[in-house]
Amino acid sequence: MTTPAQADESAETVRDGSLQAGLDLIDQGFTLIDANLRIVAWNRAFLRLLDFPEHMAYVGAPFESFIRVNAERGEYGEVDIETAVRVRVEAARALKTHDIERTRPNGTVLRVQGVPVPGHGFVTLYSDITQQRHSESLIREQNALLESRVAERTSELMATNAQLREALRLNRQFGESLERSEAQMRLITDSIPALVAYFDSTLVYRYINRGYQDWFGVDSNHPEQVSAREFLGVETYTRIKPFIKQALRGEHVTFEYEAMTLGGHKRLLQTTLIPEVTEAGEVIGCFELTFDITQERRSHEMLVQAQKMEALGQLTSGLSHDFNNILTVILGNLSALASQPDVKHHLDEFISPAIEAARRGSDLIKGLLAFSRQQPMQNTLVDIDACVRSMDKLVRHTLPETLRLTFALQTAPAHCTLDAHLLQNALLNLILNARDATESKGHIVVRSEVQSLDAAQAQRLGLQAGPYICVAVCDDGCGMDAQTLSRVFEPFFTTKRAGQGSGLGMSMVYGFSRQSGGTVDITSEPGVGTTVSLLLPRAEVPQTQAAAPSDPGPTGQPSAAGASGLALLVEDDEDVRKVIRRHLLELGYVVLEAESGQEALDILAQTRDLQVVLSDLVMPGAVDGQQVTRYAQSLGHISKVVLMSGYTPSAQQTEGVPLIQKPFSREQLDAVLQSIPH
């Protein structure tokens, strides 16, 4: 019989083990030291990031020992070892908050953050920010390249102006050729895709090229009548006036600003002012060179955004495999526990909530995969208007009577090749976001139309020119500011209160649209409303081919009745293998197990009576799931070959082999097996 003291000790052991297991899952290094600078807690990432052997870490280990190892292997530079140890031990003993970066001899950049925990000691976090610093360096290089290109163009124009000034000097010497030279100068400057001007020290224009007329509608033949304050507007002119004063003091100045040109087009401009100085040092005027850098800046911003999204996508893809394996074990064992008659009284209070939480975790991983564009898609030819119209019956019951929802669909007949389920999920997310933005009191319009993007429009959106179907969700709600818009697609970013949203809705919309060959375009203004537009490539429909049903609807679950035979289960994770083996046994199969691809090949070569091969896609070792399934197919006598995975890598899976996503239930596995023809 267990005594209370033994039970407490056992519970404490479980808690300690759970805490250590949780700490070891964290990518950041972690240490907790007490006031005497002795280790209380740590994780594997701390040892891995700083290359410490495992035997050094134990409860009560002096933190000085780790500092000494670092000093001896040159982590602190070419300094006296004892001095380096003493200085750092004294600094650590102060237990003061700090946040520093350190580059290790191997090039790894670590961020070290320390904070005191009153009554417990001092917590330190170690983060590998090498890739982050590399990305920042890449962005700086891109900026430098952009500035270099602008500098080259400025240099060319300066050289041209120098040639023009020389031409004017010669023209003054040869008066009869002056008119012809001026015409040539005008022709040259009018042909330059930029604004070229000269104004004197009294701020009166003496020359402007035709670009001013094209952009702002001013008369280039009478520059003395042109006012920058008028064609730029008082607000813009006030903002750039300090730069003009700086140039008139004899300094070269380059600055950027936004201006409204003819037709209401907003452009981002970059102007360089080059003062003309006499031999006596007097500034008598300035040459003005102005470029439209709107597209260059847009391209740079798209590059930065693409790099950020790619980095986040790689992170989520890497995490999904391990998390889905964990969820497979949790869901499988909870489901098995729920079927036991002696725990029925715990079902509602304990087991069912745990199962539901695990399923939400699975949905979360699917959302991350959708964002990283690695979620498997079941693409068919879809009638867009019919699919969008089917949303009406799905969302009406979730919207209050105070909110008006209307549909303005104008694309029929028009089709796209995409996953109808994911399109409906994306629209559901957008409609619910619009509901929240209007506080359930406004008007939501879902509209569709066919758009043909020209080269300029397509470049702005990062697409190919051609026909697209635009499905837009418009609301008259609170809108978003520029800062919110810049982060709207980031996973876990949300403006809702805690508990009201995961921050993955827009990430999934983004992932679906990009994976479907399209994009998402958002226009929003605080206090006015938001329009989110999905642009999806229009598909040509052969006359002999009908579009897939617009309403995907629920699919039935095949029965497991009659399933029998010998199955080979290939999975490297022992806990996951136990769960899936139970599924196969309950479906009526006798199960052989292999914990590696090579072991699976050996079993396949020696076993002639296999009816089913179920293999994990990604496994350690030289043989992966694709090689296993290809070999199983080549044998010719195995009727059902299936791959399973916690994520979908960029490589293609074995042709003709279905892929089931972890975590999955026994019923889902049965449905996949039953769908394979004998």
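What follows draws every value from the coordinates through simple rules; no lab data is involved. Note that the structure is a prediction, hence the values are computed from the model and not measured. Ideal geometry is used to build each Cβ from the backbone, glycine not excepted, and the neighbour counts take in all protein chains shown.
General remarks:
- Between Glu147 and Ala456, the modelled label-to-label distance comes to 3.0 nm, taking each label 7 Å out from Cα in the direction of the beta carbon.
- Mean Cα-pair separation over length for the range 565-675, i.e. relative contact order, pairs under 8 Å, 6 or more apart, %: 24 percent
- Using only side-chain charges placed at the Cβ, +1 for Lys and Arg and -1 for Asp and Glu, the dipole size of the range 380-537 relative to its Cα centre rounds to 280 debye.
- Intensity falloff of the range 22-128 expressed as log10 I(q)/I(0), Debye formula with alpha-carbon point scatterers, at q = 0.22 Å⁻¹: -1.44
- Summed residue charge, Cβ within 11 Å of Arg133's Cβ, Lys/Arg positive, Asp/Glu negative: -1
- Available extension along the chain between Met56 and Asp80 is 6.4 nm, counting 0.36 nm per residue and deducting the alpha carbon span.
- Here the 3J(HN,Hα) profile of the range 27-34, calculated from phi with Karplus coefficients 6.51, -1.76 and 1.60 at θ = phi - 60°, is 5, 7, x, 9, 9, 10, 10, 8 Hz, Gly and Pro shown as x.
- Separation of alpha-carbon centers, the range 231-300 and the range 381-432, rounded to whole Å: 48 Å
- Rounded to the nearest 20 debye, the dipole magnitude of the range 22-128 is 180 debye, with +1 charges on Lys and Arg beta carbons, -1 on Asp and Glu beta carbons, and the Cα centre as origin.
- FRET efficiency, Thr97 to Asp34 (Cβ-Cβ, R0 22 Å, nearest 0.05): 0.85
- Nonlocal amide H pairs with Glu276, under 5 Å, H built at 1.01 Å: Ile284, Gly285, Cys286, Phe287
- Label sites at Arg298 and Arg487, each approximated as a point 7 angstrom past Cα along Cα to Cβ, lie 2.6 nm apart.
- Sorted on the mean count of surrounding Cβ atoms within 10 Å across their residues, most packed first, peptides 235-246, 135-146, 513-524, 64-75 read 513-524, 64-75, 235-246, 135-146.
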